[in-house]
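Down below is the structure, laid out as structure tokens.
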Amino acid sequence: MTYVTFPEAKELDFVAIGRLCIDLNANEIHRPMEETMTFTKYVGGSPANITIGMSRLGMKTAFIGKIANDQMGRFIASYLERNAIDTSNVVTDRTGAVTGLAFTEIKSPTDCSILMYRDNVADLKLTPNEVQESLIAGAKVLLISGTALAQSPSREAVFQALDYAKKHGAVIVFDLDYRPYTWTSPEETAVYYNLAAEKCDIVLGTREEFDMMEKFEHNPEKDDHITAAKWFDYSAKIVIIKHGKDGSIAYTRDGVGHRAKSFPAKVVKTFGAGDSYAAGFIYGVMQGWTLEKSMEYGSAAACIVISSHSCSDAMPTAAAVDDYIERCNRGEITAS
Ligand SMILES: Nc1ncnc2c1ncn2[C@@H]1O[C@H](COP(=O)(O)OP(=O)(O)O)[C@@H](O)[C@H]1O
Ligand SMILES: O=C(O)C[C@@H](O)[C@H](O)C(=O)COP(=O)(O)O
């Protein structure tokens, strides 16, 4: 059964809009940030990670965003280019804005946190008139990410991109990617998330992220069915609610909740799971696979990334995901 139809005659498979940042992942793991002395630098930012994941899986990709006019911004642009991502709509800021930094703390495989430095960041300065209509017109999928809605003018740039995607028939994916520190109030957050979600074909988020969106709803039991059903009155065809290592459920308009098996992983850190899952899942549905198989693919990609030190740089190729699934099926990989 096909739940989403992707436009065929478009040369670009996937374009994402949102933040391009730097992850600084602790080298000395299993200790608090206070005791961490060295970090490894990677490209970061959830939509950037997903785009790198899609590119590694063999998809033709592009990114719409804004980078700082400094060494970090140039590092990001060159990493995207080396990963075959079209950067023609990656704009350089001219106002002195900086690159967002995410310092990660890896206290244990289950206790990880992120310390964000996001004052005056370039990514939130993308303006609507910098979004290229022609790029979105030529793409099968537009992915938006919630953090870009946190401030103007990036917020308006995302709504402009949504408008172009609707006009040109791109499938719109919304990764909720809720990062509270970028927002000023829960009410503002819920309003803008809901306005954007109304326009999207596929909505992906954790239970906690959907809870945030239900600020003005009545769902006391945090029932996934109730959460998903709301979006089928708008544009959504698939709503995925993720539950960490307990897996995820994809709801469809027929009321069915599709579940897929998850895989064991030797977990180094928890972050990066959602981004790699999104890349694997979107890749799968674009191949015409069942939702279950696509979710499995996303889960296996997530296992590879959480077993690694980075998010972006660890994004697997299709051969690596296939190999991981085969090794799990042969019982060669066990949980940590
Ligand atoms: N410890 C784990 N072991 C195996 N798979 C995991 C683990 N944590 C996450 N995953 C996989 O990654 C997916 C997304 O993870 P989740 O933690 O829900 O997202 P996010 O990183 O956005 O919070 C899950 O649905 C699951 O398939
Ligand atoms: O999104 C960011 O700015 C930081 C990411 O690069 C980071 O590594 C991360 O948190 C990944 O998010 P997740 O996949 O939702 O766990």
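Tell me which residues, restricted to segment 203-223, are within 20 Å of the chain's Cα centre (by Cα) and without any contact (Cβ under 8 Å) to a residue 60 or more places away in the chain.
If we filter segment 203-223 for residues that are within 20 Å of the chain's Cα centre (by Cα), which is where we start, we get 203-213.
Within segment 203-223, Val203, Gly205, Arg207, Glu208, Phe210, Asp211, Met212, Met213 qualify.
Residues in segment 263-291 that are of a type in the set (Phe, Trp, Tyr) and within 8 Å of ligand 1 (Cβ to nearest atom): Phe263, Phe271, Tyr277. Of the residues making up segment 271-291, those that are within 8 Å of ligand 2 (Cβ to nearest atom), assigned to a loop (DSSP other than H, G, I, E, B) and either in contact with a helix residue (DSSP H, G or I) (Cβ under 6 Å, 6 or more places away or on another chain) or small (Gly, Ala, Ser) (or both) number 1. With the requirement that a residue be modelled with pLDDT of 95 or more, open to solvent by 40 Å² or more (accessible area, probe 1.4 Å) and assigned to a loop (DSSP other than H, G, I, E, B), what does segment 184-222 give you? Selection gives Glu198, Lys199.
Please work out which residue is least open to solvent (accessible area, probe 1.4 Å), limiting yourself to segment 283-323 and to residues that are closer than 21 Å to Leu20 by Cβ and out of contact with any Ser or Thr (no Cβ under 8 Å at 6 or more places or on another chain). Top of the filtered list is Ser312.
Per-residue answers, yes or no, for (1) basic (Lys, Arg); (2) within 14 Å of ligand 2 (Cβ to nearest atom); (3) open to solvent by 40 Å² or more (accessible area, probe 1.4 Å); (4) in a helix (DSSP H, G or I):
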position: Pro7; (1), (2), (3), (4): no, no, no, no
position: Glu28; (1), (2), (3), (4): no, no, yes, no
position: Arg31; (1), (2), (3), (4): yes, no, yes, no
position: Pro47; (1), (2), (3), (4): no, yes, no, yes
position: Ile64; (1), (2), (3), (4): no, no, no, no
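Looking at Ser310, Ser235, which is the one that is within 16 Å of ligand 1 (Cβ to nearest atom), modelled with pLDDT of 95 or more and among the polar types (S, T, N, Q)? Lay out the reasoning, then the answer.
Values: Ser235 fails: within 16 Å of ligand 1 (Cβ to nearest atom).
Among Ser310, Ser235, only Ser310 is within 16 Å of ligand 1 (Cβ to nearest atom), modelled with pLDDT of 95 or more and among the polar types (S, T, N, Q).
The set of residues in segment 242-266 that are surrounded by fewer than 19 Cβ atoms within 10 Å (Cβ to Cβ) and of a type in the set (A, V, I, L, M, F, W, C) contains only Val256. On the given criteria, is Leu57 in contact with a helix residue (DSSP H, G or I) (Cβ under 7 Å, 6 or more places away or on another chain), closer than 24 Å to Val268 by Cα and either open to solvent by 10 Å² or more (accessible area, probe 1.4 Å) or more than 14 Å from ligand 2 (Cβ to nearest atom) (or both)? It is true that Leu57 is in contact with a helix residue (DSSP H, G or I) (Cβ under 7 Å, 6 or more places away or on another chain), closer than 24 Å to Val268 by Cα and either open to solvent by 10 Å² or more (accessible area, probe 1.4 Å) or more than 14 Å from ligand 2 (Cβ to nearest atom) (or both). If you go through segment 163-185 and keep only what is touching a helix residue (DSSP H, G or I) at 6+ places or on another chain (Cβ under 7 Å) and either farther than 14 Å from Leu12 by Cβ or among the β-branched types (Val, Ile, Thr) (or both), you end up with Ile172, Val173, Phe174, Asp175, Leu176, Asp177, Tyr178, Arg179, Thr182, Trp183.
Residues of segment 9-26 that are over 23 Å from Asn120 (Cβ atoms) and surrounded by fewer than 24 Cβ atoms within 10 Å (Cβ to Cβ): Ala9, Lys10, Glu11, Leu12, Asp13, Ala26. Do the conditions hold for Met37, that is, is it over 14 Å from the mean Cα position of the chain (by Cα) and either in contact (Cβ under 8 Å) with a residue 60 or more places away in the chain or more than 30 Å from Asp322 (Cβ to Cβ) (or both)? Here the answer is yes, as Met37 does meet what is asked.
Here segment 67-109 is the region considered, the condition is being out of contact with any strand residue (DSSP E or B) (no Cβ under 8 Å at 6 or more places or on another chain) and of a type in the set (Ser, Thr, Tyr), and the residue that is surrounded by the fewest Cβ atoms within 10 Å (Cβ to Cβ) is Thr95. Each residue in segment 69-94 was checked for being over 16 Å from Ile17 (Cα atoms) and not in a helix (DSSP H, G or I), and 5 pass. Tyr181 fulfils the conditions (1) open to solvent by 20 Å² or more (accessible area, probe 1.4 Å); (2) aromatic (Phe, Trp, Tyr); (3) within 11 Å of Ile144 (Cβ to Cβ) except for a single criterion, (3). Applying the criterion of being near ligand 1 (Cβ under 6 Å from one of its atoms) and not in a strand (DSSP E or B) to the residues of segment 246-262, the residue that is nearest to the chain's Cα centre (by Cα) is Gly247.
Provide a single number: the residues in segment 305-336 that are without any contact (Cβ under 8 Å) to a residue 24 or more places away in the chain and part of a loop (DSSP other than H, G, I, E, B). Spell out how you get there, then give the answer.
As a first pass, look at segment 305-336 and keep what is without any contact (Cβ under 8 Å) to a residue 24 or more places away in the chain: 319-320, 322-323, 326-327, 329-332.
Next cut, part of a loop (DSSP other than H, G, I, E, B) only: 330-332.
Adding up the residues that qualify gives 3.
The values are calculated or read from the model by the stated rules, or taken from the named source; none is laboratory data. The structure displayed is predicted, hence computed values, not measured ones. Quick reminder, even Gly has a Cβ in these numbers, built from the backbone with ideal geometry, and neighbours come from all protein chains shown. Only protein heavy atoms, including side chains, enter the accessible area calculation; ligands, DNA and RNA are left aside. Shrake-Rupley method; radii C 1.70, N 1.55, O 1.52, S 1.80 Å.
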